1. Among the residues of region 77-106, what is the count of those that are surrounded by 16 or more Cβ atoms within 10 Å (Cβ to Cβ) and either modelled with pLDDT under 85 or not in a helix (DSSP H, G or I) (or both)?
2. Given the criteria at pLDDT 95 or above, in contact with a strand residue (DSSP E or B) (Cβ under 7 Å, 6 or more places away or on another chain) and in a loop (DSSP other than H, G, I, E, B), does ALA359 qualify?
3. Among (1) without any contact (Cβ under 8 Å) to a residue 60 or more places away in the chain; (2) crowded, with 23+ Cβ neighbours inside 10 Å; (3) over 24 Å from ALA357 (Cβ atoms), which single condition is THR223 missing?
4. Taking the condition of being charged (D, E, K, R) and buried (at least 16 other Cβ atoms within 10 Å of the Cβ), how many residues in region 18-52 meet it?
5. In region 310-331, is there at least one residue being buried (at least 19 other Cβ atoms within 10 Å of the Cβ), under 17 Å from the mean Cα position of the chain (by Cα) and not in a loop (DSSP other than H, G, I, E, B)?
6. Just to check your reading of the model, which residue among ALA303, ALA287, ALA340 is in contact (Cβ under 8 Å) with a residue 12 or more places away in the chain, part of a helix (DSSP H, G or I) and not hydroxyl-bearing (Ser, Thr, Tyr)?
7. Any idea which residue in region 120-149 is surrounded by the most Cβ atoms within 10 Å (Cβ to Cβ), counting only those that are farther than 23 Å from GLY231 by Cβ and in contact with a Leu (Cβ under 6 Å, 6 or more places away or on another chain)?
8. Looking at region 141-161, is at least one residue at pLDDT 85 or above and assigned to a loop (DSSP other than H, G, I, E, B)?
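The values are calculated or read from the model by the stated rules, or taken from the named source; none is laboratory data. Owing to the predicted nature of the structure, the values given are computational and were not obtained by experimental measurement. All Cβ positions, even for glycine, are placed from backbone atoms using ideal geometry, and neighbour counts span all protein chains on display.
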Amino acid sequence: MIELDSAFFADPFRHYRAWSEHGSVHRVRFPGGKAGWVVTGYAEARAALAEPRLRKSGANARWAGVEATASTHMLDADPPDHTRLRKLVNQAFTPRAVEALRPRVEEITAELLDDLAGHAEADLLERFAVPLPVTVIGELLGVAAEERAEFRRRTAGFGSGSAEPAQIHHLKAFLVELVRRKRAHPAGDMLSDLVRARDEQEQLSERELVATAFLLLFAGYETTVNLIGNGMYALLRNPDQLDALRADLSLVPAAVEELLRFDGPVGFATLRYAGEPLELGGVRIEAGEFVHVALGAANRDPARFPDADRLDVGRRPAGHVAFGHGIHHCVGAPLARLEAQIAFSRLLTRFPRMRLAEADLAWHEGIRFRGLTTLPVRPNE
C-alpha cells in the first residue's frame, strides 16, 4: 500500500509518475491512517467520474467515521437530489449569464492591477488572485464587501482541509445570519433567489439552503484563486511559454485550458465510495470502499496527452478533467474561465517584466485543492 506523506504535496506529479509504473488504480493510505483507492489514469478517471455505482451522498461522513446523513449540497449528492439542487443554480452560470459579467470582471481586474502596480514586491495571491473571484462571486450572490472579507477569513484553511471545528461552527453561524438577512431584505441576487426557492417553492430545505450558500461562495472563489496562482507560477517558471503567450494574446483561451491541465486548481475530485462492487482499471473495488480521482494525475497521463509534463500554451488540450466530468462537472467552470482569461490577458499586458521574487514557496497540504500558500512577485521588473 502506498503511504501518502507531506512530501507528496510539494510535487504530486513526481509521485504519480512512480505510481503509474504499477497501474492506474492504487491503494493509498492517507495522513491520519485512512485508506482508499486513488485513480490516476485518464481513461479510468473519466470512467470513475461518470460511474453511477460510485456514490457521493454521505461519503464525507463515512470517511470521518460518523453516521452518514443525507447530503446537503449538490457537490456531495447523488440523483435525484443532485439534479434538483443543480437545477437551482444552473441558470446563473449559463454562457450568456457569465458573458454579461465580463465588463464588471474587467473593471475589478483593472482596479486590482492599479493597486498591484504600486508595489515593488507583492503576494500575487493576496493582492490579485484572491480578491478578484471573491469580489465577483460576492457581488453575484449579493454579499456586501465587508461580509466578503469576513467570509474569506472564516474559510481560511478549508482548501487545505485544516479548518478547526470552532471555525466550522462560526462559518455556519455566519451563513445562517446571511440567509436571515436575505430573507428579511431580498434583492436581485442569487442568494435571494435561493431563499425564495426555499420559502415560496419549497425546492430545498433550510439546511440545503445554507450548505448551497457555502458551496457557491467557497467553491466560487477557491478554484479561481488556484487557477490564477498556479497558472502564473507555471508561466513565470517557463519563460518561453510566457513570451509566446505575451506575443499573441489570442492564445489566452487555449492557454487557460493548458494551465488547467498542467497544474489545475483541484487535486482530487470530491470523495466517492462504491455503492456496490465494481472493477476499475483491472482492480476490484468492494462495496463501501472509498475512491479518490486524482484529476492532476489524469491530466498528466501521457497516454492521453503526449509530452504531458511539458507546458505548451498552444496545445489545446481538449478533454482535460480539471473541472471534473459527468453530472458533477463544475457548474461554475464558465465563470472561472472568464475570470482567468481576463486575468492572464491583463496581467501579461500590464506587467510585461513581472518575475518571481526570491522566496521559499509552499503548497497547501490538502488533497482536494491544489494551490500555493503565497506567490511573491516583483511586478514592475
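1. 4
2. no
3. (1)
4. Within region 18-52, the first condition is being charged (D, E, K, R), and the residues that meet it are 21, 27, 29, 34, 44, 46, 51.
Then drop every residue that is not buried (at least 16 other Cβ atoms within 10 Å of the Cβ), which leaves 44, 46, 51.
So the count comes out to 3.
5. Yes, some residue in region 310-331 is buried (at least 19 other Cβ atoms within 10 Å of the Cβ), under 17 Å from the mean Cα position of the chain (by Cα) and not in a loop (DSSP other than H, G, I, E, B).
6. Result of the check over ALA303, ALA287, ALA340: ALA340.
7. LEU141
8. Yes - at least one qualifying residue is present in region 141-161.
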